[in-house]
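J.: Just passing along the structure, written as structure tokens.
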Amino acid sequence: MKKILVIMILLLGFNHITVAQTKKEAKEQKAEQEYNAIKKLVNSKMYVFDATWISTSRGRRINIAAGSNSIAVAQDSTKAAMQFFGEVTTIRFSGNEGVSFNNKIENYQVNFDDKKRRVNVSFKVKNKSEMYEVYMSINKTGFTFVDVNSNNKSNVTYDGNISAIKLE
């Protein structure tokens with residue numbers, strides 16, 4: 001009787017280990033699928049970043065989810081309309097206080113970090129009076145940090161999510 005009881009306990013223990021490995025494998029597989037979807041989206045060059053928070057160079061963090069703050073990448077062009085809370089280093093009389101551009105992308109670069117499941121995108125874009133350098137760090141779920149550097153303003157960081165551009 002003791003032998004049967006010991007065998008039953010051992011079998012139940014092995015079964016639990018097998019189930020735990022299966023859950024871990026399923027979680028890993030889901031993470032890999034999410035990361036591959038983000039890679040495919042970035043490679044399509046048809047995505048939009050929607051900001052929900054802005055962090056200034058002075059450490060302020062402001063919720064901007066209620067507004068329309070986005071950067072759209074569509075093949076070789078990009079368009080942005082973003083709020084800006086920071087210091088202006090050069091005053092231009094363009095009437096535009098935010099981060100705003102609608103032009104061709106220059107020097108578009110993508111780096112896939114498969115080990116960390118992170119995608120890094122960088123590019124430059126000009127508007128009438130400014131040159132912007134945009135750096136995106138995208139995780140496997142689409143959560144994104146965006147650093148925007150300008151020749152006329154202090155740098156600013158946004159965070160939010162990327163998604164596919166919805167064609168009308």
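The values are calculated or read from the model by the stated rules, or taken from the named source; none is laboratory data. All values derive from a computational prediction rather than experimental measurement. Quick reminder, even Gly has a Cβ in these numbers, built from the backbone with ideal geometry, and neighbours come from all protein chains shown.
J.: So how many residues does the range 127-162 have that are part of a strand (DSSP E or B) and either loosely packed, with under 14 Cβ neighbours inside 10 Å or touching a Cys at 6+ places or on another chain (Cβ under 6 Å) (or both)?
T.: Restricting attention to the range 127-162, the residues satisfying the condition of being part of a strand (DSSP E or B) are 131-139, 143-150, 153, 156-162.
When the remaining residues are screened for being either loosely packed, with under 14 Cβ neighbours inside 10 Å or touching a Cys at 6+ places or on another chain (Cβ under 6 Å) (or both), the result is none.
Residues flagged as part of a strand (DSSP E or B) and either loosely packed, with under 14 Cβ neighbours inside 10 Å or touching a Cys at 6+ places or on another chain (Cβ under 6 Å) (or both) within the range 127-162 amount to 0.
J.: Can you report the number of residues in the range 80-137 which are farther than 29 Å from K30 by Cβ and either in contact with a Lys or Arg (Cβ under 8 Å, 6 or more places away or on another chain) or modelled with pLDDT under 95 (or both)? It would help to see each step written out before you state the result.
T.: Taking the range 80-137 as the starting set, the residues that turn out to be farther than 29 Å from K30 by Cβ are 80-108, 123-134.
Subsequent filtering for residues that are either in contact with a Lys or Arg (Cβ under 8 Å, 6 or more places away or on another chain) or modelled with pLDDT under 95 (or both) retains 80-103, 105-108, 125-134.
Selection size over the range 80-137: 38.
J.: Sticking with this one: Of the conditions (1) assigned to a strand (DSSP E or B); (2) modelled with pLDDT under 95; (3) surrounded by fewer than 17 Cβ atoms within 10 Å (Cβ to Cβ), K166 fails just one. Which one is it?
T.: (1)
J.: Just to confirm my filter: which strands (runs of 3 or more DSSP E) fall fully inside the range 22-84 and include at least 3 residues that are surrounded by 11 or more Cβ atoms within 10 Å (Cβ to Cβ) and not hydroxyl-bearing (S, T, Y)?
T.: In the range 22-84, 46-55, 70-74, 77-82 are the strands (runs of 3 or more DSSP E) which contain 3 or more residues that are surrounded by 11 or more Cβ atoms within 10 Å (Cβ to Cβ) and not hydroxyl-bearing (S, T, Y).
J.: Let me ask you something else. Of the residues that sit in the range 98-140 and are without any contact (Cβ under 8 Å) to a residue 24 or more places away in the chain, among the hydroxyl-bearing types (S, T, Y) and in contact with a Ser or Thr (Cβ under 7 Å, 6 or more places away or on another chain), which one is farthest from G160 (Cα to Cα)?
T.: Ranking the qualifying residues of the range 98-140, first place goes to Y135.
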